[in-house]
Amino acid sequence: MNRCDEERDVNDWLIYRGTGEPHRRIDELPAPPPWRDFDGGPELAPADAADSSSQRRLGPVGEAELFRPEGEELELINAALYLRRPLLVTGDPGTGKSTLAHAVARELGLGRVLKWPIVSRTTLTDGLYQYDAIARLQDVQLGGGPDHAVDAAAPRGIGGYIRLGPLGTAMLPFGRPRVLLVDELDKSDIDLPNDLLNILEEGEFPIPELERIADREPEVDVLTDDGRRVRITGGRVSCRAFPFVVLTSNGERDFPAALMRRCIHLPLGRPDKHRLAAMVRAHFGESGVACGQELINEFLTRSATELVAADQLLNAIYLSSYATKSTEDLAKTLMRRLDRSR
């Protein structure tokens, strides 16, 4: 019987459920489509556990999450997982775009989120790797040769001067996908979205400094964005499980069609009362929701016509339990609209 004809629960296919409770359903993710099947290797051990940044964003495990997607949002996130395609998340500031990456990583047990914040000066190489040629030259001058290490505990050879960036680390041949957050891509130089296309399509990239010496040094150990050492063979990095890539944008610019067709697009609207309450509960518990109800209502009223961010609401609720000013004054001061300078 064709799998499409089988009767099954409507949510059986979902790998990421959006519940906030960690589970191992990532091991049930089917094989990728043939055109997205990568064969990098040898397979690396799973990534280290999530760091404290995820807990700061999401709250303690077992509490409500800041980002609990439902309906079409949940389906699009899972479509990106199944198809091994980047997820382009667009929306106003404070709608939970970058938080989504942390929520997926924690629920699916995918380790630390690799974070690549984008500014106007960011280049593709910044995300792939850094080669400290100046430090190597200094060590050669001080030590008398390129393989001499000034510190006896330091790594020898060119690998000691190369560190993979967040994108480069995500493309290593991990058995399970890493989560990569490319934050505020719309802030980039006009060329960066196009420069990303080949990496996201091919799942691999060269390190020219290592390719040039591959005939005499076919294997070189380098540092990753996680701070661990991995072995690069032949001067190329090739992925095995394509990473779960979250590209965020505040909608300040349009992206080329070539990038859009390679992404799953998830537009996020402004948080509703249910999502705001869940976010407050994650950080302050049920008592925080009860005490902050007036501020939540104020936020919802103002967000209908003004640009305000959810972290402004959290600041107001936190200070309302300490400050002497009234809740109304705090809301006006801390939840100042962001779409007007004054």
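The values are calculated or read from the model by the stated rules, or taken from the named source; none is laboratory data. Remember, predicted model here, so these are calculated numbers, not experimental data. Glycine gets a Cβ as well: all are built from the backbone with ideal geometry, and neighbour counts include every protein chain shown.
Scanning the stretch 196-219 for residues that are within 21 Å of VAL179 (Cα to Cα), buried (at least 17 other Cβ atoms within 10 Å of the Cβ) and not aromatic (Phe, Trp, Tyr) yields LEU196, ILE199, LEU200, GLY203. If you check VAL289 against the conditions, is it within 24 Å of the chain's Cα centre (by Cα), among the β-branched types (Val, Ile, Thr), modelled with pLDDT under 90 and surrounded by 17 or more Cβ atoms within 10 Å (Cβ to Cβ)? In short, no. Only one entry in ALA277, ALA241, ALA257, ALA290 is of a type outside the set (Val, Ile, Thr), under 24 Å from SER98 (Cβ atoms) and out of contact with any strand residue (DSSP E or B) (no Cβ under 7 Å at 6 or more places or on another chain), namely ALA277.
Taking first residues from the stretch 22-36 that are outside any helix (DSSP H, G or I) and partners that are of a type in the set (D, E, K, R), the Cβ contacts under 6 Å between residues at least 6 apart in sequence or on separate chains come to PRO22/GLU107; PRO32/ARG84.
Residues of the stretch 69-83 that are closer than 16 Å to ALA101 by Cβ and in contact with a Gly (Cβ under 9 Å, 6 or more places away or on another chain): PRO69, GLU73, LEU74, ILE77. Looking only at residues in the stretch 281-336 that are out of contact with any Asp or Glu (no Cβ under 9 Å at 6 or more places or on another chain) and acidic (Asp, Glu), the one that is nearest to PRO271 (Cα to Cα) is ASP311.
Residues being in the same structural domain as THR95 (by TED's automatic domain parsing), touching a Phe, Trp or Tyr at 6+ places or on another chain (Cβ under 6 Å) and surrounded by 15 or more Cβ atoms within 10 Å (Cβ to Cβ) are entirely absent from the stretch 220-231. Only one of (1) in the same structural domain as PRO117 (by TED's automatic domain parsing); (2) touching a helix residue (DSSP H, G or I) at 6+ places or on another chain (Cβ under 8 Å); (3) in a loop (DSSP other than H, G, I, E, B); (4) at pLDDT 85 or above fails for LEU88. Which number is that? With (1) in the same structural domain as PRO117 (by TED's automatic domain parsing); (2) touching a helix residue (DSSP H, G or I) at 6+ places or on another chain (Cβ under 8 Å); (3) in a loop (DSSP other than H, G, I, E, B); (4) at pLDDT 85 or above applied to LEU88, the lone miss is (3). Any residue in the stretch 192-202 that is in the same structural domain as VAL113 (by TED's automatic domain parsing), of a type outside the set (A, V, I, L, M, F, W, C) and assigned to a loop (DSSP other than H, G, I, E, B)? No, the stretch 192-202 contains no residue that is in the same structural domain as VAL113 (by TED's automatic domain parsing), of a type outside the set (A, V, I, L, M, F, W, C) and assigned to a loop (DSSP other than H, G, I, E, B). When every residue of the stretch 254-267 is checked against the conditions, none turns out to be crowded, with 20+ Cβ neighbours inside 10 Å and in contact with a Gly (Cβ under 8 Å, 6 or more places away or on another chain).
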